[in-house]
1. Can you spot a residue in the range 176-188 that is in contact with a helix residue (DSSP H, G or I) (Cβ under 9 Å, 6 or more places away or on another chain) and modelled with pLDDT of 90 or more?
2. Would you kindly identify the helices (runs of 4 or more DSSP H) lying entirely within the range 213-293 that contain at least 2 residues that are at pLDDT below 85 and either surrounded by 16 or more Cβ atoms within 10 Å (Cβ to Cβ) or among the aromatic types (Phe, Trp, Tyr) (or both)?
3. For Gly114, state whether it is in contact with a Ser or Thr (Cβ under 7 Å, 6 or more places away or on another chain), closer than 20 Å to Ala192 by Cα, in a helix (DSSP H, G or I) and without any contact (Cβ under 8 Å) to a residue 60 or more places away in the chain.
4. When you go through (1) crowded, with 19+ Cβ neighbours inside 10 Å; (2) closer than 17 Å to Gly114 by Cα one by one for Pro66, which number turns out not to apply?
Amino acid sequence: MTILAGKNAIITGAAVGLGRAYAAALAAQGVNVALCDLREEVLQRPTEMQAHGVKSIAWQGDVSQPDDVRKVVDGTLAAFGSIDILVNNAGVWGASVADDPLDKSLADYDRIVGTNLKGEYLFGRAVLPIMIEHAKGGDIVNVATDHMVTCGTPHNVCPNLPTCPWNQPTSSFDGPPRPTGGGNAMDLYDAAKWGLNGLLFAWAQAGKPHNIRVNALCMGATDSHMLRSFHNFKPSPEEEASWMRAEDAAQVLIDLLNEGPTGRTGQNMNFCVGRPVKLEPPLPLRYLEESAL
């Protein structure tokens, strides 16, 4: 058994892709898992998780809606008695550009920022007081994007590995460092994911006296329902071969949690294509000083 056995976790966006992989990896470690997702398939996942000998429950709900967040958090407490781990994974992608019509912009904002930033905010704010009250420590892991930390933006800390597809110039790219962000069609997606930095740094400081760690997995192109939808579910074989595996990302989550209360906190961990999907040593904190923790 590992140090995670018997702990209780909430995983958002757990019906497919990364969320499902995170949930399965936690259940295999003996963690009781509470799952939520907008997709109806999430209601089928507890049976899969229970095969590992753990408790599992699920709700279909919208992470941007406070009533749904309360339903999941209160239901998890009632079923498990405590919450030790929160994996804020739920996310959506959508094209948005600066000159979109206002009506489209408002709808995009509610959907993209509502899920990718507000949802993580609501779950974190709901769970942190519970973790503090129960005085057992805990972990919050936000799932962000490599757009935030490409080549160490705004500090160049990337090792420029020869396996990185951005390491050499091409006909359309002058060479490293890779351009920041996802491009002009992702202003809302990037804004929401960059906003997670504010939650990460503030929550890490608030949680440190209570042995609550807060970190972020900044995921690049990983085989998932979201990424396949970006390619209209018809990626080229070359594109698909370059993607990272959700199961490898899930192992990173397990390795991070197994660091325990003395492990890293306030860290963005970069997982972009061409970089090994493994838990690397923690980097020096640049915005959140070590002394602040």
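1. yes
2. In the range 213-293, the matching helices (runs of 4 or more DSSP H) lie at 225-230.
3. yes
4. For Pro66, the failing item is (1).
The values are calculated or read from the model by the stated rules, or taken from the named source; none is laboratory data. In this text, all values refer to a predicted model and were calculated from it rather than measured experimentally. Quick reminder, even Gly has a Cβ in these numbers, built from the backbone with ideal geometry, and neighbours come from all protein chains shown.
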